[in-house]
Amino acid sequence: MSIEGKGETMLKTLRMTLAVFLALAVAGCGAGVGEAPDEGGGEGEQGGSGEGGANSICMMPKLVGIPYFNAAEEGANEAAEELGVDLTYDGPTEALAAEQVRRIEQFTQQQCDAISVAANDPDALAPAMTQAGEAGTATSAWDADVAEDSREVFVNQATFEAIGQTLVDIMAEQTGGEGEFLVVTGSLTAPNQNSWIEEMEAHMEAEYPDMSIAEILPGEEDLQLGIDVTTDYLRANPDTAGVFGITTVALPGAAEAVQQLGREGEVAVTGLSTPNEMRPYVESGTVEEFALWNPVDLGYLAVHVANAQVEGNLPDSGTFEAGRLGEVEMLAEDEVLLGPPDVYSSENIDDFDF
Amino acid sequence: MSGASTTTTATEHSDGPLKRFLTRPEAPALIFLAALVVVLSVVADGFLGASNFEGILSQVVVIGIIALAVNQVVLSGEIDISTGSMLGLCAMASGTVAVAGGGLLFTLLAGVAVGALAGAVNGFLVTVARIPAIIVTLGMLYALRGVLLLVTGGTWVTGVPAEARVLGIGSVFGVSLPIIVLFALFIVMELVNRHSDWGRNVLAVGGNRRAAMLAGLPSRRVRFWAFVLVGAAVGIASVIYIGRAGSVQTNAGTGLELQVIAAVVIGGTSIAGGRGSTLAALTGAVLIGVILNGMVLLGIPGVWQDAVLGALILLAVSTDVLRRKLLGDKA
Amino acid sequence: MSQYTETSRGFLSRIKFSRELVLLGVLIVIVIAMSLLSPVFLTLGNLLNTSRYFVEIGLISLGMTLIIITAGIDLSVGSNMALVSVVVGFSFLGGVPLPLAIVLGVVAGLAAGVFNGLFVTMLDLHPLVVTLGTFAMFRGLAYGFSDADAVSSFPAWFAYFGQAYFGPIPGQLIVFVIAVAVVWLILSRTRFGRYVYAIGHNEEAARFSGVPVERVKLAIYAGTGLLVGLASVIYISRVSTARGDAGLGLELDVIAAVVLGGASIYGGKGTIAGTVLGVLIIATLRNGLLLAGVPSTWQLFLLGVLLLVAVFLNEFFRKEEG
């Protein structure tokens, strides 16, 4: 259709130039971002601990962009500053194990001295973590463990038992230790949640024989779905004494549902979530008390442990001195325990911002 | 409902009312919906009852409102699959304004403004830069979620005050307000499609773009405003979303785009453009709500939800093709 | 018809040549930029290691190139990957010997591709709608069959597919190179390849001149399904886990790579060389941005924008070609 001529060729050259320009703009945009200092990240000079150089610690949450892991990052930065280590804190934008594998391998490539991960899948991350360990990197897991033989240490935020007992005790106090209960969980296959439910049931059986879990429903970490399943269930089972929401998303969903049904005070609500998320429901009285470990402290501890691994002074047993946290317990030679979960209520909730 | 928003041929005038109903785009979906309601009433405990129906309706309001607008885009022969991320962004904007004490009006304005802006970007890229809508809105699905994460840094909006939640949890004369909003918008869209130039042009452009252009219709402008309308509708929906949920998370709206498209095509609007109706989008949204509710009541695990949704989309578009062939043979 | 002869002679081939040169230039610029940002980037170890990530996307992009040349699209590839992953993992868990489970998985990928192809050809539906439906359906089936659970108890030898090295070269890179050669031969040296372009140029005209349009299309979608099956096996082996969230968002990377490589979403244009360059550019950007410490949230945004810019440029160039 077109005739080749001089003008045509010039136009073509012009367009090619424009193309290169735009492509450069895209690449350059990335470059510009790279130079912007990411909080606590030591870009550019990373890699190679070297004699006398600061230890580099690469730490990965299950995903970035949610308050819980932002809070952990805050604690991690605090510890990094205190210890004078280079901290890289990054993870995928969705909780995908495969994306984590990719990052672990790249952490290994850039020769981090220590890698610490919160695993989306214990087994999927294992080969990459083993490989990192073989390359001489100190390996650890925090928040959610990887397969035991693929890392050196696990920083445990709270034992399953402690979580299960704390939640049941809070609920028993509010309901007189009897009744049937709904549990709103993440997904039916989430390992942490299932272990907590087991411990909750065991504790009920041992201490409060009149309490029982009538139903376990998944909220799939979707707030609206959490509200909907709780609403539907409470409409169908109006005698339910209380609802446990055992993820940071399930609990506000359950509280919102109870509030929307106008059944505050009749249906007790407790579970695990962050103070910022729960503040409105504590203020309105829908939720009296709820629990969670402190994610700021968890991130803080994880960096301390990783640094101690690199320095080679992590004890096998007894206790471990972790900065402002003082002495924390070594549950086993490869497991550090943050401590019992914190309980939040209207009295102390304003002391926390995460 | 008369056939003002359909483009089926004029032969229907001579047919009886039943036949006229059957040739309407949403007829199969309505029949299917009625059958499903009957079956579920018998099979599923707790399905029949005013509170469950109200529950189903209020759960599909967000999808329904967006579907009414995406319906226009599909009618004009385009597609928009960016609405999930768009809802997240709008909800974050309106939620932030609400928490800052903006009151309902400014909350609504914030949501609609952000949505309309995002919609305008879609519309510009499709109609002016001439990038295919599927690529534009696929790219925007990711880019908008990225913007959301960048702007918020991953912080959630919590504690939306009661005055800004009215559209989500309020009620008038015992009828829940979000349901009233949905039906009000439905009527507005129906009027727009029947009585405005733009509404008629949407169908003409979608039916045969070249013919429409030859007839002097402003094809680009018509499609551009359809994309803007989607943005504005997502903005309104976002206020209902924050009203119902009371807080906004960075993953808000994930996967919503699929349910919206499903609602539109299951309802009977042809994905090829030019054929469909406002009622189709609404019927489709309600049908999805009934199916999801039925799955819960029948104890079908939520993990199968996507499979059911996908199969339904395929079923809907296949029957559309078969019907087109049958009607084509008759004519 | 005058356009047809013209494009097949000097004019188009010269444009193609220079477009690929531009891409190569872009790639080199990105590589230089990245190596300035991160000292680790331009090391043989890193480059070879990076290659392990783009093989899965690369394999699928080869099939997608053919689909896009025929003016089609396949949004379901990521979900299909999940389906294959779950079929392999859970049939193995259910007692099927692993070699057979792998075959079953690849067959499932192929079947999914055939399913897409049948809907596209027999019902004459737009591939966009069909694969939007199967995008949801395949993912849903994967979640449903696996009950959102994961399988990772694979025997050690299974790691071979995704973790083996020949010298410093990752095994899957060799697979990819072979696949590139095969698909390139098919597209540029066979009658089938000419049919693919003909369908993309003008489907009706192709049909009138005796091209078996339906069969060619069916073969392309099936072939893409097969490539997804292969990619999925490599993927499962690489992360030693099979689960329903495999390949989430993969379609974006694949489509971005293909259109960046110069294939026109309106059909008729595209080359394997271009696609391979597109894959390399995206992989390099991703790897470089990670190494340079760019937060992941930016990558999501940049990838979406990159896709839009790439398509815009392609169509912008194409205006003059008529």
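The values are calculated or read from the model by the stated rules, or taken from the named source; none is laboratory data. What you are looking at is a predicted structure, and each value in this text was computed from that prediction instead of being measured. Ideal geometry is used to build each Cβ from the backbone, glycine not excepted, and the neighbour counts take in all protein chains shown. Each accessible area value is taken on the protein alone, full model and side chains, heavy atoms only, with ligands, DNA and RNA left out. Shrake-Rupley method; radii C 1.70, N 1.55, O 1.52, S 1.80 Å.
What is the number of the single condition among (1) surrounded by 24 or more Cβ atoms within 10 Å (Cβ to Cβ); (2) free of Cβ contacts under 8 Å to residues at least 12 places away in the same chain that C:D147 does not meet?
Going through the list (1) surrounded by 24 or more Cβ atoms within 10 Å (Cβ to Cβ); (2) free of Cβ contacts under 8 Å to residues at least 12 places away in the same chain, C:D147 breaks only (1).
Inspect all residues belonging to segment A:283-306 and state whether any of them is of a type outside the set (D, E), assigned by TED's automatic domain parsing to the domain that holds A:T175 and open to solvent by 50 Å² or more (accessible area, probe 1.4 Å).
Checking segment A:283-306: at least one residue is of a type outside the set (D, E), assigned by TED's automatic domain parsing to the domain that holds A:T175 and open to solvent by 50 Å² or more (accessible area, probe 1.4 Å).
Name the pairs: first residue in segment A:227-240 and farther than 12 Å from B:N293 by Cβ, second residue in a loop (DSSP other than H, G, I, E, B) and aliphatic (A, V, I, L, M), Cβ to Cβ under 7 Å, at least 6 apart or on different chains?
Between residues of segment A:227-240 that are farther than 12 Å from B:N293 by Cβ and residues that are in a loop (DSSP other than H, G, I, E, B) and aliphatic (A, V, I, L, M), the close pairs are A:L234/A:L261.
Can you spot a residue in segment A:247-270 that is in contact with a Leu (Cβ under 7 Å, 6 or more places away or on another chain), small (G, A, S), over 15 Å from A:L217 (Cα atoms) and modelled with pLDDT under 95?
No, segment A:247-270 contains no residue that is in contact with a Leu (Cβ under 7 Å, 6 or more places away or on another chain), small (G, A, S), over 15 Å from A:L217 (Cα atoms) and modelled with pLDDT under 95.
Which one of these is without any contact (Cβ under 8 Å) to a residue 24 or more places away in the chain and either more than 7 Å from every other protein chain (Cβ to nearest Cβ) or open to solvent by 20 Å² or more (accessible area, probe 1.4 Å) (or both): C:V309, C:V258, C:V276, C:V294?
C:V309
Just checking, does segment A:194-205 include any residue being modelled with pLDDT under 90 and at the interface with chain B (Cβ under 10 Å from one of its Cβ atoms)?
So far as segment A:194-205 goes, no, none of its residues is modelled with pLDDT under 90 and at the interface with chain B (Cβ under 10 Å from one of its Cβ atoms).
Residues that are of a type in the set (V, I, T) and either touching an Asp or Glu at 6+ places or on another chain (Cβ under 9 Å) or over 23 Å from A:T189 (Cα atoms) (or both): list the strands (runs of 3 or more DSSP E) wholly contained in segment A:223-330 that include at least 1 such residues.
So the answer is A:268-271, A:319-321.
Quick check on B:A162: is it open to solvent by 20 Å² or more (accessible area, probe 1.4 Å), over 30 Å from B:R220 (Cα atoms) and either away from every other protein chain (no Cβ under 14 Å) or not hydroxyl-bearing (S, T, Y) (or both)?
Yes, satisfied.
Which residues, counting only those in segment A:233-282, are among the acidic types (D, E) and surrounded by 23 or more Cβ atoms within 10 Å (Cβ to Cβ)?
A:E256, A:E277
Can you tell me which residues in segment A:282-302 are touching a Phe, Trp or Tyr at 6+ places or on another chain (Cβ under 9 Å) and touching a residue at least 40 places away in the same chain (Cβ under 8 Å)?
Those that are touching a Phe, Trp or Tyr at 6+ places or on another chain (Cβ under 9 Å) and touching a residue at least 40 places away in the same chain (Cβ under 8 Å): A:V282, A:E289, A:F290, A:A291, A:L292, A:N294, A:P295, A:V296, A:L298, A:G299, A:L301, A:A302.
If a residue must be assigned to a loop (DSSP other than H, G, I, E, B) and under 20 Å from the mean Cα position of the chain (by Cα), how many such residues does segment A:108-151 contain?
Of the residues in that region, 14 qualify.
Tally time: how many residues in segment B:143-159 are in a helix (DSSP H, G or I) and either open to solvent by less than 10 Å² (accessible area, probe 1.4 Å) or at positive phi (or both)?
Result for segment B:143-159: 3.
Would you say C:V211 is modelled with pLDDT of 90 or more, assigned to a loop (DSSP other than H, G, I, E, B) and either more than 15 Å from the chain's Cα centre (by Cα) or not aromatic (F, W, Y) (or both)?
yes
Which of the following residues is in contact (Cβ under 8 Å) with a residue 40 or more places away in the chain, closer than 25 Å to B:M140 by Cα, of a type in the set (G, A, S) and outside any helix (DSSP H, G or I): B:G253, B:G231, B:G206, B:G235?
Just one listed residue meets the conditions, B:G253.
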